[in-house]
Amino acid sequence: MFSLSRKTRKLYYENPDASECAAKVTRINANNVELDATVAYPEGGGQEADHGVIVLDDGREIRFVDVRKMYGNPIHIPAFPDIQVDGIIEHVIHEDDLALLRDVNIGAEVSVRIDRLRRAQLSLSHTGSHLLYLAVADIRPDAVAGTIGCHIKVNAARFDFAVENRFALDEVEEIARIANAYVARGSEVKVYPHPDYMDARYWECEGRVIACGGTHIASTAPVGQIRVHRKSLGRGKERLSCEFIGSSPNPAVFQR
Ligand SMILES: [Zn+2]
């Protein structure tokens, strides 16, 4: 099978507290740049990508507005969702900064710096989305089994479910109550990799474990009030959205 020998070191896993790193340019494509290492989390598992800048050695900054993980190798781990490991990470450049790429050479030494506030907000939303998901698992395990997608962005998240029966109002209220109780308890959140695969990761809170490669915060407390909304997407499809009211993302602290 064809596989690429080049890959990007995922410093957002190796050193989750880092918001800046040194890197070398390994490839320049039409609208994106590949690096040998990055702290920028790529879109994945429904979580939107980090934003940030690639800083050239003369100090000029090239903004990136999306980050994509490409060409990973599929692996199968027992009792874990199928994922792809390794791969290359592309930094999609802001269109107004594309002209700067003409001055960048393969092998150039650069640094990468991400928007810490956005990372903190996305990590908070991702953590809050898991609290919603745990509550759905308690009240509507059939819906969890029929999860068809999720989207995690700044201050909000949503899940889509394929279900036979729609969510009743009292179920939505109970889901919101359970999710908010996790916040009220200010429980610790742990994140750790599978012993054999750094890319296969777990999120754990109050003994409940979710397989997840996203970024998170270390406690449920900063999530704030979780406001839950239900929407029908047509026959057999339901959406639960949540907003985080009065949340307190902390750009000074990522994961531990
Ligand atoms: Zn997660």
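Is it true that residue 41 is under 21 Å from the mean Cα position of the chain (by Cα) and open to solvent by less than 20 Å² (accessible area, probe 1.4 Å)? Taking the combined requirement at face value, the residue satisfies it.
Can you find a residue in the stretch 181-190 that is of a type outside the set (Val, Ile, Thr), open to solvent by 40 Å² or more (accessible area, probe 1.4 Å) and within 14 Å of residue 136 (Cβ to Cβ)? Spell out how you get there, then give the answer.
Restricting attention to the stretch 181-190, the residues satisfying the condition of being of a type outside the set (Val, Ile, Thr) are 181-182, 184-188, 190.
From what is left, the residues that are open to solvent by 40 Å² or more (accessible area, probe 1.4 Å) are 184-185, 188, 190.
Still in the list and also within 14 Å of residue 136 (Cβ to Cβ): none.
Within the stretch 181-190, none of the residues are of a type outside the set (Val, Ile, Thr), open to solvent by 40 Å² or more (accessible area, probe 1.4 Å) and within 14 Å of residue 136 (Cβ to Cβ).
Does residue 231 satisfy the criteria of being at negative phi, surrounded by fewer than 18 Cβ atoms within 10 Å (Cβ to Cβ), basic (Lys, Arg) and free of Cβ contacts under 8 Å to residues at least 12 places away in the same chain? Considered against the rule, which asks whether it is at negative phi, surrounded by fewer than 18 Cβ atoms within 10 Å (Cβ to Cβ), basic (Lys, Arg) and free of Cβ contacts under 8 Å to residues at least 12 places away in the same chain, residue 231 comes out as yes. Residue pairs whose Cβ atoms lie under 8 Å apart, sitting 6 or more positions apart in sequence or on different chains, and linking a residue in the stretch 175-196 that is under 18 Å from residue 211 (Cα atoms) to a partner that is among the acidic types (Asp, Glu) and part of a strand (DSSP E or B), are 189/204; 190/204; 191/204; 192/204.
Give me the strands (runs of 3 or more DSSP E) completely within the stretch 8-68, filtered to those with at least 3 residues that are touching a Lys or Arg at 6+ places or on another chain (Cβ under 7 Å) and away from the ligand (no atom under 16 Å from the Cβ), ordered by residue number. Explain how you work it out, then say what you get.
Details: elements: 20-28, 32-35, 52-55.
By residue number, 52-55.
Within the stretch 165-177, is there a residue that is more than 17 Å from the chain's Cα centre (by Cα), within 16 Å of the ligand (Cβ to nearest atom) and open to solvent by 50 Å² or more (accessible area, probe 1.4 Å)? No, that holds for no residue.
For the stretch 214-240, residues that are farther than 14 Å from residue 133 by Cβ, of a type outside the set (Val, Ile, Thr) and within 16 Å of the ligand (Cβ to nearest atom) total 3. Annotation note: Cβ proximity below 6 Å between a residue of the stretch 209-220 that is without any contact (Cβ under 8 Å) to a residue 24 or more places away in the chain and a residue that is outside any loop (DSSP other than H, G, I, E, B) (sequence gap 6+ or interchain) occurs for 209/202.
Here residue 98 meets the list (1) part of a helix (DSSP H, G or I); (2) closer than 30 Å to residue 250 by Cβ almost entirely, failing just condition (2).
Of the numbered criteria (1) within 16 Å of the ligand (Cβ to nearest atom); (2) open to solvent by 60 Å² or more (accessible area, probe 1.4 Å); (3) in contact with a strand residue (DSSP E or B) (Cβ under 6 Å, 6 or more places away or on another chain), the one residue 115 fails is (1).
Hey, can you tell me all the residues within the stretch 147-158 that are out of contact with any helix residue (DSSP H, G or I) (no Cβ under 7 Å at 6 or more places or on another chain) and crowded, with 19+ Cβ neighbours inside 10 Å? Step through it out loud before you land on a result.
Our first condition is that a residue be out of contact with any helix residue (DSSP H, G or I) (no Cβ under 7 Å at 6 or more places or on another chain); within the stretch 147-158, this holds for 147-149, 151, 158.
The answer is 158, and nothing else.
Would you mind stating whether residue 211 is within 16 Å of the ligand (Cβ to nearest atom), open to solvent by 20 Å² or more (accessible area, probe 1.4 Å) and more than 22 Å from residue 148 (Cβ to Cβ)?
Details: within 16 Å of the ligand (Cβ to nearest atom): yes; open to solvent by 20 Å² or more (accessible area, probe 1.4 Å): yes; more than 22 Å from residue 148 (Cβ to Cβ): no.
It is false that residue 211 is within 16 Å of the ligand (Cβ to nearest atom), open to solvent by 20 Å² or more (accessible area, probe 1.4 Å) and more than 22 Å from residue 148 (Cβ to Cβ).
Among the residues of the stretch 118-141, the one identified as among the polar types (S, T, N, Q) and more than 14 Å from the ligand (Cβ to nearest atom) is 121.
The values are calculated or read from the model by the stated rules, or taken from the named source; none is laboratory data. Everything quoted here is computed from the prediction, not taken from an experiment. Cβ coordinates were reconstructed from backbone atoms using ideal geometry, including for glycine residues, and neighbour counts include every protein chain displayed. Only protein heavy atoms, including side chains, enter the accessible area calculation; ligands, DNA and RNA are left aside. Shrake-Rupley method; radii C 1.70, N 1.55, O 1.52, S 1.80 Å.
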